[in-house]
Each structure stands twice: as C-alpha cells, then as structure tokens.
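Contents: one structure, followed by commentary.
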Amino acid sequence: MNRRNNRVHSELGFTSYAQLAELAFWAVVKDSKDPSVIQSYLEAFPEGTFTPLARAMIAKLKAGRNDEAA
C-alpha cells in the first residue's frame, strides 16, 4: 500500500489487513437472502464485527422461510 492508502485506511479506522479482509467479505455477503452465504461469514470470522448482525439476519431469513412453508 502506498502512503495515501495508509492514510485513508487510518482515517476510516481500519488498522490491519485482517480488518480490511473482514469488511470486504461482509460487503459481499451482507445483501444475500441465502442463510448459507451469510453463514460463510460466520465461519470465516466467528468473532467478527458483524457476527451479531449476521446471526440475526440468518434467524430472520430462516423464520421467513418457515412462514412461507406453513
């Protein structure tokens, strides 16, 4: 990374490659309507920043599927 990118990342609060990787992964899965796709985030980042949100999204998606099946 060049200095400009380091400065931008610091201003955004990202201090490590792991944090950037987690954010990129979340950006890919966050709009999915497939619980297994969101689950992949939980498997990759079990203690991640978005873990509580991912769990809530999975529960909501599964509840919606159960309502449709009833």
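The values are calculated or read from the model by the stated rules, or taken from the named source; none is laboratory data. Keep in mind that what you see is a predicted model, and the values were worked out from it rather than measured. Heads up, the Cβs are rebuilt from the backbone with ideal geometry, glycines too, and the neighbour counts pull from every protein chain shown.
Can you pull out the residues in the range 27-41 that are under 8 Å from the mean Cα position of the chain (by Cα) and farther than 15 Å from Gly64 by Cβ?
The first filter runs over the range 27-41 and keeps only residues under 8 Å from the mean Cα position of the chain (by Cα), leaving 27-30, 38, 41.
If the condition is that a residue be under 8 Å from the mean Cα position of the chain (by Cα) and farther than 15 Å from Gly64 by Cβ, then Ala27, Val28, Val29, Lys30, Tyr41 are the ones that fit.
The set of residues in the range 42-60 being assigned to a helix (DSSP H, G or I) and closer than 14 Å to Asp31 by Cα consists of Leu53, Ala54, Arg55, Ala56, Met57, Ile58, Lys60.
Looking across the range 1-37, the residues that are modelled with pLDDT of 95 or more and assigned to a loop (DSSP other than H, G, I, E, B) come down to Lys30, Asp31, Ser32, Lys33, Asp34. Selection of first residues in the range 36-49 that are free of Cβ contacts under 8 Å to residues at least 40 places away in the same chain and of second residues that are among the charged types (D, E, K, R) and in a helix (DSSP H, G or I), restricted to Cβ pairs under 6 Å at least 6 apart or on distinct chains, gives the following pairs, ordered by first then second residue: Phe45/Glu22; Gly48/Glu22.
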